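Any read-out appearing in this document is the output of simple, stated calculations on the displayed coordinates, not a laboratory observation. Owing to the predicted nature of the structure, the values given are computational and were not obtained by experimental measurement. All Cβ positions, even for glycine, are placed from backbone atoms using ideal geometry, and neighbour counts span all protein chains on display.
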Amino acid sequence: MRTRIREFRAHSGMTQADLADAVGVRRETIVFLEKGKYNPSLRLAHDVSAVLGTTIDELFLFDDDESASKQEEG
């Protein structure tokens, strides 16, 4: 899984600590989310996307989504 959290967070002018505080987790959790090393609960995914003003679908990209878009391109 890949995420666009860093992109949306930077666009919003938030630090990792700001986002962590806004959703009630530790900054390390945001680090792991941004690196795709942590699969969040549905609740956390919802909270992060709400704070960043986007949808879960826009924020989280799953491997099968990438494969489908590559097949459409090729």
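Structure values in brief
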read-out: Cα→Cβ-extended label distance, 7 Å offset, between Lys35 and Phe62, nm; value: 2.4
read-out: Value of relative contact order over the chain, rounded to a whole percent, pairs C-alpha under 8 Å and six or more apart; value: 41
read-out: Structure-derived Rg and Dmax of the Cα atoms in Å: which label, when the choices are (i) 15.6, 44; (ii) 12.6, 42; (iii) 11.0, 35; value: (ii)
read-out: Ordering of 9-21, 35-47 by burial proxy (mean other Cβ atoms within 10 Å per residue, highest first); value: 9-21, 35-47
read-out: Spacing of the two label points (7 Å from each Cα toward its C-beta) at Glu28 and Leu42, in nm; value: 2.8
read-out: Computed [θ] at 222 nm, helices only, for the chain once each DSSP H run of length n ≥ 4 contributes -39500 (n - 2.57); value: -18500 deg cm²/dmol
